[in-house]
Structure formats: structure tokens, C-alpha cells
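The values are calculated or read from the model by the stated rules, or taken from the named source; none is laboratory data. What you see is a predicted model, and the numbers here were worked out from it, not measured in a lab. Neighbour counts run over all protein chains shown; Cβ positions are idealised from the backbone, glycine included.
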Amino acid sequence: MGENSGTGVAFTRSPATGEKALYGEYLMNAQGEDVVAGIRTPHPISMLKEEMPETYEEFGRVASLLEKHYRDMQDLEFTIEHGRLYMLQTRSGKRTAAAAVKAAVDMVGEGLISKEEAITRVEAAQIDQLLHPRIDPNSKTEVIAKGLPASPGAATGKVVFDADDAAAKAKDGGKVILVRTETTPDDIHGIVAAQGILTSRGGMTSHAAVVARGMGKPCVCGCEALLINYNAKLFRAGAVEVKEGDLISIDGTTGSVILGEVKMIAPELSDEFRILLDWADQIRRLGVRANADTPLDAERSRQFGAEGVGLCRTEHMFMASDRLPIVHEMIMSETIEERTVALDKLLPMQQGDFYGILKAMDGLPVTIRLLDPPLHEFLPNTEELAIEIAKLRLTNGDPGEIERKDAILRRARQLHEFNPMLGHRGCRLGVTHPEIYAMQVRAIIQATAQLLHEGYHPETEIMIPVVMSAIELKLLRTQCEEVLQSVEQETGVHLEIPIGTMIELPRACVTADEIGKVSDFFSFGTNDLTQTTLGFSRDDAEGKFIPAYIEKKILANNPFAVLDRDGVGKLVKMACELGRSVSPEIKLGICGEHGGDPNSIEFFHLTGLTYVSCSPFRVPVARLAAAQAVLRKCIAIEE
């Protein structure tokens with residue numbers, strides 16, 4: 001209708017940053033479709049101030065009025081006809097996580113909303129974006145495969161297929177993506193060195209996923225479209241072939257595998273972000289701890305606001321290159337005497353590990369879990385080792401090396417289990433090999449005594465995993481207390497160290513009143529509790545049939561990501577009630593991956609747990625979600 005008529009779309013604040021300024025586009029002599037269809041290039045809304053100053057001033061006044069009325073950032077559509085402004089639509093505007101945080105905090109300062117409303121305005125899961133690098137949404141990408149979004153963030157690097165290669169290249173300053181069929185504890189040094197991890201098998205709680213989340217590295221798991229050829233050092237994704245050394249990018253937030261390098265946006269924690277979390281801390285009732293296995297993890301957790309370590313996994317400490325040969329020596333031992341020799345070598349190393357973590361968390365509780373995985377996980381893969389031995393024989397390799405590897409292969413096959421998740425692991429190792437747990441307990445207690453002697457304030461807790469009965473726990477607790485008494489006599493230091501258990505089996509839940517009589521605390525291992533309750537193998541289920549179950553509405557969510565309230569949740573609630581019936585003040589925590597999921601955190605709040613523990617980078621998410629759970633409950637009571 002001419003140059004004094006037009007149309008546009010605008011936001012009362014920037015949907016990208018949350019800055020309080022009109023943000024949008026318009027076109028004169030155009031219809032609304034012309035603005036959004038990309039047929040013509042629209043002008044920024046600021047140009048309207050020069051072109052039609054009176055209309056721009058009126059639009060600003062109306063935009064401000066609507067924002068104050070609805071008490072939220074508005075997404076506006078408008079038309080100008082012969083110089084007259086018409087408002088067509090207003091609604092709450094979609095925004096990035098950064099914008100949501102800034103707008104919410106600013107609106108409190110402007111008197112538009114309360115602190116409580118500000119907390120509910122930001123999706124807890126969304127703030128995960130702020131803690132990790134992410135792909136620039138404006139960059140062009142060539143997605144060649146999709147897997148499970150196992151650990152958020154994005155990374156670019158050269159493809160490597162071996163953990164040793166990853167470590168070597170990273171040492172020389174190279175950036176790599178470690179590509180494996182699946183990872184094991186043996187790959188830990190490669191995961192540390194890599195920018196990100198990509199696997200063709202495994203789920204959201206697989207080894208790669210859990211370790212990557214703990215380190216804050218992006219990870220895509222269960223990408224079954226990948227056909228990995230270790231011998232040729234390449235993988236195929238459909239028609240695309242990617243060789244070792246080629247550049248790829250992965251997006252752990254979406255599960256995308258991208259060919260080549262992409263532009264990244266670096267994480268940035270604003271003042272508003274910290275203010276919002278401080279407000280959340282004033283409201284929440286749940287404590288928030290972190291799962292941390294190294295002093296660096298512990299320090300990072302503390303920076304993110306963690307109030308302690310809810311899970312310190314001791315098995316990761318065994319995988320360092322200087323320890324693995326000693327661990328192999330321990331596993332290969334035929335007698336207790338031989339095993340004790342190896343354990344005596346590991347003792348000072350473990351003590352140093354615990355000393356560092358307890359020192360980093362000085363004054364805050366640190367729950368240290370005794371060895372959990374089956375011993376065969378510390379030995380090389382039997383298939384790969386058999387191939388190595390065959391190659392050595394064909395090339396007339398060193399006889400001594402062949403004999404050594406043959407012995408390891410025999411032991412690995414001897415320890416092999418058909419279903420290791422339900423096998424010889426956790427406290428069962430403590431029952432059959434008490435000397436292993438005795439070494440770890442001594443290392444923990446000596447580290448605690450050392451710190452006390454140096455003037456620190458360690459709050460150490462010992463946790464025994466995979467317990468199924470009170471009799472089992474009582475036996476192991478007695479063994480721990482004997483070591484404690486021995487160290488007290490040697491050092492002259494009196495130590496108060498709680499000894500508790502992980503609740504990760506249905507039988508432990510339904511007999512929690514008996515277990516509660518001999519346990520100082522419960523920490524729910526909901527990863528394994530989900531497996532053992534639903535009968536799902538997490539590494540297989542997530543990639544194979546859970547998507548079909550969600551599509552057919554048999555399951556509402558992936559139960560390894562969002563707690564199954566009707567099944568696993570009822571067992572957790574039952575265990576809490578039974579535990580409190582015999583020990584009213586018993587501490588109740590959760591250290592599975594659900595500890596960082598907002599939906600699950602709401603359930604844990606309603607159930608009355610003491611704390612949740614999650615990966616360090618999910619601590620801010622848990623802090624906000626715990627506050628939101630309080631507010632939602634208050635709203636429900638008012639209604």
C-alpha cells in the first residue's frame with residue numbers, strides 16, 4: 001500500500017541475550033509473509049526510528065505497556081497502514097538460555113516479577129547450554145550421522161581410534177575426537193586427552209557417557225550408523241568414509257556427527273547467572289553434591305556450588321598408566337600373599353588420590369565408593385589381545401612378551417562373565433577378596449588422618465556398593481571398622497567416619513529397614529536400580545528398543561535419563577520410609593545420573609531425600625531444579 005505502510009515482528013528484549021532493547025525487523029510496502037519468507041531483506045527495527053519516528057515512538061510505548069501487563073518478554077507482530085500502527089499479536093517470546101537468565105534477573109530489578117517467579121522462568125535443563133561450548137546456529141553443517149546426546153557441548157577434532165593415539169596426539173598439542181565402538185576403563189587416558197568422544201554402541205549411562213559428563217566433555221553414544229574398521233583406521237556413515245586424521249565435529253546436545261570443522265560459541269557465565277543461582281540456593285531444601293573422581297573434578301564442582309562429593313569412584317584411579325601394570329599384577333596373583341604385594345604398591349597411590357580430593361573439598365563431605373566394577377574390566381579386551389598375540393607369533397615376536405600376554409589372556413578369559421553387571425562386582429569383591437577393600441579403606445583413613453594432622457577438616461564417608469542384604473553389609477562394615485581401629489592405634493588420631501551403602505538392587509530397597517540398622521547413610525545408585533528393576537541392559541536398551549517403546553507410548557521417557565517414578569520411584573520411596581523407620585535421622589542421597597535431571601530432582605524433593613549428587617557440570621542445573629521443586633510444591637498446595 002506504499003512506502004508509508006508496512007509490517008514487522010519484534011521482541012521487547014533481545015531473544016539472544018536478554019538485553020532490554022527492541023529487537024526485530026520490518027519491511028515497508030510489504031506483507032507479513034515477505035518479512036519471514038526470505039524473499040526480501042528486512043530492516044532492523046531501529047531504522048524505523050529514522051523512517052517514521054512518531055510510529056516508532058508509539059510502538060515502543062505499546063511494547064513497554066504489553067510487557068508490563070503480561071510481566072514477560074513479548075514477541076510482537078504489527079502492521080503500519082498509511083502511517084497508523086496496528087498491533088496484530090503478542091505472546092511470550094522464545095529465548096535462549098542466556099536471554100532467559102538475564103531477562104528474569106533484570107525483571108526482578110525492575111519490579112516486574114518476584115525472585116520466585118524469576119526462578120521458575122528459566123528451564124533448569126536449558127541452563128546446561130551455558131556451561132559448554134556449542135555450535136553457532138548460523139553456521140552451515142553437514143550432519144552425517146545421529147546418535148544419543150550423551151554429554152552436552154560440542155567439539156571439533158581429528159579422528160583417532162585408539163586411546164593411546166589420542167593421548168600421544170593431545171600431548172603434541174593436537175585436538176582429537178576419540179572414536180570407539182565403546183569405551184572401557186582402559187580408555188580413560190584417551191578420554192582425558194580427547195576434545196570429545198563418539199561411540200557406535202552404548203547408551204546415556206554407558207562408560208563413555210558417564211565419564212564424559214563428569215569431565216564436561218561432549219559425547220555422542222550409540223551411533224549405530226557408524227561402521228568402524230579399526231584395522232583400516234576409518235569409519236563409514238552411510239556413503240561417507242572418514243579416515244583417521246580427518247576433521248569431524250560432534251554435538252553432544254543433539255547427538256549429531258558433523259563432517260569437518262564448525263564455528264563454536266564459547267560458554268560464558270554472567271553475573272545474572274550467579275545471582276539467579278544464589279536466589280535458588282535460598283529456596284531449595286535438597287542439598288546438591290557432585291560426582292567427582294579427581295582433585296580437579298572436586299575443585300570444579302566447588303566452583304559450580306557443590307556442597308560436597310556424593311560419589312567418588314575409586315576404579316577410575318586404577319587406570320592411570322603408572323598403576324595399570326600394578327593392577328594387572330594384583331589381578332594375576334594366584335595367592336593372597338602375591339596379591340598383598342601388589343596392593344602394598346597401590347596403597348600410597350590411592351592414599352595420595354584421596355588426600356587430594358579431600359583437601360580440595362576441605363570442610364565438605366566426600367563419599368568414597370569402594371571398588372565397584374568386575375576385575376576383568378581392568379584387563380585388555382580378550383579379542384584384541386588374542387589378535388595381538390597372533391601377530392607377535394606370526395612375526396616371530398619376543399617370546400617373553402608372548403608368554404606375558406598369553407598369561408593375561410588366560411586370566412581375562414577366566415574372569416570373563418556372561419552378565420558382568422550382575423556378576424562378581426561391588427561388595428562381592430569385598431567378600432571374596434577382603435584384602436582389596438582393606439587396602440582402599442586403609443588408604444582413605446590414612447589420607448583423612450594426614451589431613452587432620454595438617455590442620456584441615458576432612459569429612460570422609462565410606463560407601464559400599466551393590467549390597468543386597470544386611471548380613472552382607474554387616475560383614476563388610478566390620479572389616480572396615482577393623483582397619484579404622486588399626487589406623488587409629490597407629491596414628492593416635494580418633495576418626496569419625498560414617499560407613500554407608502549404595503542402594504541399587506530391588507532386594508536392598510525392600511529390606512532397607514534391616515540394612516538401615518547397620519548403615520549410616522543410603523545413596524541410591526539409580527542407574528543400576530533402573531537396570532535391575534526394569535530388566536534393561538542400559539548399554540543395549542537405549543540404542544535398540546527404548547526409542548520404539550517411547551514412540552509407542554509404552555514409556556513416557558528414557559528411564560535412564562528421567563526416573564521411572566511408577567516403578568523405580570516406588571522402590572526408592574519404600575527404601576526411604578523403611579530406612580527412616582529404624583534410623584529417623586539417616587542421610588538419604590542419590591548419586592545416579594538422575595541426580596542432574598530436573599524431573600527426577602522434583603521426585604527426590606517430594607520423597608524427602610537429603611541431597612542429590614550429579615556430574616560437576618550439572619550442579620547448577622540441580623541447584624535451580626531443586627528450588628523449582630520447592631516452588632511447584634508451594635503452588636500445588638495453594639491450588
Any hit, the stretch 412-423, residues being touching a residue at least 24 places away in the same chain (Cβ under 8 Å) and closer than 21 Å to residue 518 by Cα: no
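Results for (1) closer than 30 Å to residue 497 by Cα; (2) of a type in the set (Gly, Ala, Ser); (3) modelled with pLDDT of 95 or more, shown as yes or no for each residue.
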residue: 540; (1), (2), (3): no, no, no
residue: 543; (1), (2), (3): no, yes, no
residue: 572; (1), (2), (3): yes, no, yes
residue: 582; (1), (2), (3): yes, no, yes
residue: 587; (1), (2), (3): yes, no, yes
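Do any helices (runs of 4 or more DSSP H) entirely within the stretch 469-533 hold 3 or more residues that are surrounded by 21 or more Cβ atoms within 10 Å (Cβ to Cβ), and if so, which?
Numbers: elements: 470-491, 506-510, 512-516.
Output list reads 470-491, 512-516.
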Helices (runs of 4 or more DSSP H) wholly inside the stretch 358-439 that include at least 2 residues being more than 26 Å from residue 499 (Cβ to Cβ): 382-394, 399-415
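Against the definition (within 19 Å of the chain's Cα centre (by Cα) and more than 27 Å from residue 184 (Cα to Cα)), how does residue 218 come out, yes or no? Steps first, answer last, please.
Numbers: within 19 Å of the chain's Cα centre (by Cα): yes; more than 27 Å from residue 184 (Cα to Cα): no.
So residue 218 fails the test.
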The one condition in (1) touching a residue at least 12 places away in the same chain (Cβ under 8 Å); (2) assigned to a helix (DSSP H, G or I) that residue 91 fails to fulfil: (2)
Count of the stretch 583-611 residues which are farther than 18 Å from residue 290 by Cα, small (Gly, Ala, Ser) and either touching a strand residue (DSSP E or B) at 6+ places or on another chain (Cβ under 8 Å) or without any contact (Cβ under 8 Å) to a residue 12 or more places away in the chain (or both): 1
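Inside the stretch 146-213, counting only strands (runs of 3 or more DSSP E) that do not spill past its ends, which hold 2 or more residues that are within 18 Å of the chain's Cα centre (by Cα) and either in the same structural domain as residue 527 (by TED's automatic domain parsing) or buried (at least 21 other Cβ atoms within 10 Å of the Cβ) (or both)?
Numbers: elements: 148-151, 154-160, 176-180, 196-199.
So the answer is 148-151, 154-160, 196-199.
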Test set (1) crowded, with 17+ Cβ neighbours inside 10 Å; (2) over 28 Å from residue 8 (Cβ atoms); (3) among the small types (Gly, Ala, Ser) - residue 111 fails condition number: (1)
